[in-house]
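Since the structure comes first, as structure tokens, the remarks are kept for the end.
The values are calculated or read from the model by the stated rules, or taken from the named source; none is laboratory data. None of these values were measured; they are calculated from a predicted model. Backbone-built Cβ (ideal geometry, glycine too); neighbour counts: all protein chains shown. Please note that ligands, DNA and RNA were not included when accessible areas were found on the heavy atoms of the full protein model with its side chains. Shrake-Rupley method; radii C 1.70, N 1.55, O 1.52, S 1.80 Å.
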Amino acid sequence: MNDFLAMGGYATYVWSSYAIFVAGLLIDYLAPRWRNRRIITELHGRLARQKKKTETAT
Amino acid sequence: MNTLSLWFHKFGSPPTFYRLSRLLCPWLFAAACLIGAVGLYAGLVLAPADYQQSDAYRIIFIHVPCAWMSLFAYIFMAANAFIAVVWRIKISEILAMASAPVGAMFTAVTLLTGAIWGKPMWGTWWTWDARLTSELVLLFLYLGVIGLFSAIEDRRQAARAAGFLALIGIVNVPIVHFSVNWWNTLHQGSTVRLLGPSRIDASMLWPLLLMALATHIWFFASVLARSRSSVLEQESGKEWVREIVQAQGVRRE
Amino acid sequence: MRYGTLGSACAALIRRDLLLTWRRRGDALNPALFALMVVALFPLALGPEPNQLMQIAAGIVFVAILLASLLALDALFRSDYEDGTLEQIVLSPHPLPVLLACRIGAHWLTTAVPLILVAPLLAEMLHLPRAVLPVLMLALAVATPLLSLLGAVCVALTVGMRRSGMLLALLVLPLYVPVLIFAAGACNAAQAGLPFLAPLLLLGAGLALALVLVPLACAAALRISIS
């Protein structure tokens, strides 16, 4: 196990590049998710406002 | 031809696209993670150490798939941009603009991991080699497309303008590669090669191909996830969006 | 209603642009002044050693001229867009690419020619060897129209925006990379005593291609951003 982690003396290089790769994918996974949630809450608010407006008008 | 165009219009209609992508997205992400995990296990544990580079070569299993993806994403973006500029199909505009950030991410990862790999192997973080320079220019092109897209107010016009820029860029990249190659021979710079002249061994090749497959699937999953929210945003006035928003809102409360 | 011929429309467009520049002669010199100042900064930063400056002179001159033409690009369609002339040009019955080619040509005459004229002075400030000067002038004569043409497409894409300065630089600079490499490379090759004709010929080929394709691309881009 230690041998595996040491990567023949290149541990910093190998593991840091893998960390960058995983971090990139993680950001790529989360960014649209957050955007989707923001858009839906925004639309939800707009819908509620519209409903209120029509209720007060009638 | 008729069935094809019919299928295209059906898939291209925003509600169908939204439902289909919501169905596909989790499966694609899961498949990418699974194949990627197998590939990484094979690359990190099963594949033997290189006789020249020892274990440092294992960066290849992420660096090379990301480099392939940076080009593939650009071609995908440009193809969609072409459809968007010529036939003005809404889904193509959205797909082209959704693939730009993913491609930029893969390009940035390629550059960073390449620098990290270069340090122990060539003794330097960066050389002005043709591949590295054209990859850097590719990143600038991606950033230009994203910047232009976010700078224009009207979403559809922004997508068409940025798509046009992507089409100009696809002419630029080979020219940059060629010109830097010529410039390098003038300066007689150190000729570095990422993959040596020796052919890659089969025990290292199949994890590499698995990783390439995983990144391709990931790319499509991410593009679908991104275009899904763009569809929702652009179609915000429509009835089907209202239904979806109400359904989701009820679920959260 | 009858329209004038295409030739008369082009002539009118070029005459108008030249006249506008002549009325504001001071502004027309700004790019040249800017390049002069950028070049003056390099000896101040690097030290006044003639040998050291000589080595990088051609590169600095090209980068200075490239930045100056980048700054001048913003004015290409700006005032025309604001006072509505650009829409009239787009709506005119004449082919838009030809009119745009005239527009770009006039822009090149008014901004790039002063830069080419001031280039020997810039070269002398950095102790560029006299023998390289003809190559430098030739490379500039081929490269600056190419810079104006490539820049024009990007300006056409950003024309509708209020603040486009930094974004324009981000769009334009990747396209300028090959031009810079070949133009400065020709000078460096001449300075090193190597054959310098090949990069100049490649630049010329690029210019021939751009002269045909860029007006078409520029028209398409303009139609996208004014719609």
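Which helices count as membrane-span-like in chain B under these terms: full DSSP H, at least 24 Å along the axis by C-alpha, Kyte-Doolittle mean of -0.5 or more?
B:14-41, B:60-87, B:90-122, B:130-151, B:155-187, B:202-234
Using only DSSP helix segments of four residues or longer, with each worth -39500 (n - 2.57), what per-residue ellipticity at 222 nm results for chain B after dividing by its residue count and rounding to 500?
Computed mean residue ellipticity for chain B: -28500 deg cm²/dmol.
Within the stretch B:59-192, what whole-number % of the accessible surface is contributed by carbon and sulfur, with the 1.4 Å probe and all protein chains included in the calculation?
68 percent
How many percent of the accessible area of chain C is carbon or sulfur, using a 1.4 Å probe?
Here carbon and sulfur together make up 70 percent of the probe-accessible area.
Probe radius 1.4 Å, ligands and nucleic acids left out: can you give me the accessible area buried at the A-B interface, summed over both chains, in Å² to the nearest hundred?
Adding both sides of the contact gives about 3300 Å².
Please compute the per residue accessible area over chain A with all protein chains in place, 1.4 Å probe, rounded to a whole number of Å².
On a per-residue basis, 70 Å².
B:Phe140 accessible area, nearest 10 Å², 1.4 Å probe?
80 Å²
Roughly how large, in nm² to one decimal, is the mean projection of the convex hull of the alpha-carbon atoms in the protein assembly as shown?
Taking a quarter of the hull surface, the average projection is 34.6 nm².
Springs between alpha-carbon atoms under 10 Å, Gaussian network over chain C: tell me which of C:Met137, C:Met161, C:Met54 tops the mean-square fluctuations.
The residue with the greatest mean-square fluctuation here is C:Met161.
Quick one: accessible area per residue over chain C, 1.4 Å probe, rounded to a whole number of Å²?
47 Å²
Do you know which residues of the stretch B:224-246 lose at least 30 square angstrom of accessible area in the protein assembly compared with their chain on its own, with a 1.4 angstrom probe?
Residues losing area: B:Arg226, B:Arg228, B:Ser229, B:Leu232, B:Glu233, B:Ser236, B:Arg242, B:Val245, B:Gln246.
Select from B:Ala159, B:Ala81, B:Ala31 the residue whose mean-square fluctuation is largest in a Gaussian network model of chain B (Cα-Cα springs shorter than 10 Å).
Sorting by GNM fluctuation, first place goes to B:Ala31.
When the solvent-accessible surface of protein heavy atoms is calculated with a 1.4 angstrom probe, in what order do B:Trp122, B:Trp218, B:Trp7, B:Trp182 fall, highest first?
These residues rank, largest area first, as B:Trp7, B:Trp122, B:Trp182, B:Trp218.
I'd like to know which of C:Asn188, C:Ala28, C:Leu96 lies farthest towards the positive end of the charge dipole of chain C, counting +1 on Cβ of Lys and Arg and -1 on Cβ of Asp and Glu.
Sorting the options by dipole projection puts first C:Leu96.
Tell me, which residues of the stretch C:139-176 get at least 30 Å² less accessible area when the other protein chains come in, versus the chain alone (1.4 Å probe)?
Residues passing the criterion (a loss of at least 30 Å², heavy atoms only) are C:Leu157, C:Met161, C:Leu167, C:Leu170, C:Leu171, C:Pro174, C:Leu175.
Give, rounded to the nearest 20 debye, the magnitude of the charge dipole that the protein assembly as shown has about its Cα centre when Lys and Arg contribute +1 at Cβ and Asp and Glu contribute -1 at Cβ.
1760 debye
Which sequence of C:Met37, B:Met121 reflects their accessible areas, 1.4 Å probe, from the largest down?
Highest to lowest solvent-accessible surface, that is C:Met37, B:Met121.
Can you list the aspartates and glutamates whose alpha carbon sits under 15 Å from that of A:Lys51, skipping same-chain ones fewer than 8 residues off?
Counting by Cα, and skipping residues close in sequence, A:Lys51 has these aspartates and glutamates nearby: A:Glu42, B:Glu239, B:Glu243.
Using a Gaussian network for chain B with springs between C-alpha atoms less than 10 Å apart, which of these wobbles most: B:Tyr74, B:Tyr41, B:Tyr18?
The residue that fluctuates most here is B:Tyr41.
Skip the ligands, DNA and RNA, and give the accessible area per residue of chain B with a 1.4 Å probe, whole Å².
With all protein chains present, chain B gives 47 Å² per residue.
Please report, largest first and rounded to whole Å, the three semi-axes of the ellipsoid equivalent to the stretch B:59-192, where each semi-axis is the square root of five times an eigenvalue of the C-alpha gyration tensor.
Ellipsoid half-lengths, sorted descending, are 31, 16, 11 Å.
Is there a quick way to get the dipole size of chain B? I mean about its Cα centre, with the Cβ of Lys and Arg at +1 and of Asp and Glu at -1; what is the value in debye to the nearest 20?
500 debye
I'd like the accessible area for C:Arg78, computed on protein heavy atoms only with a 1.4 Å probe and all protein chains in place. Round to 10 Å², please.
Here the residue's solvent-accessible area equals roughly 50 Å².
Please report, as a whole percent, how much of the solvent-accessible surface of chain A comes from carbon and sulfur atoms (probe radius 1.4 Å).
Accessible surface attributable to carbon and sulfur in chain A totals 63 percent.
Count the net charge of all other residues whose Cβ sits under 14 Å from the Cβ of A:Trp34, scoring Lys and Arg as +1 and Asp and Glu as -1.
+3
Quick one: order C:Glu49, B:Glu135 from most to least accessible surface, probe 1.4 Å.
C:Glu49, B:Glu135
Using helices alone, I'd like the mean residue ellipticity at 222 nm for chain C: each DSSP H run of four-plus residues gives -39500 (n - 2.57), total over residue count, nearest 500.
-27000 deg cm²/dmol
Give the C-B buried accessible area in Å², both sides summed, 1.4 Å probe, nearest 100.
Chain pair C/B: roughly 2100 Å² of buried accessible area.
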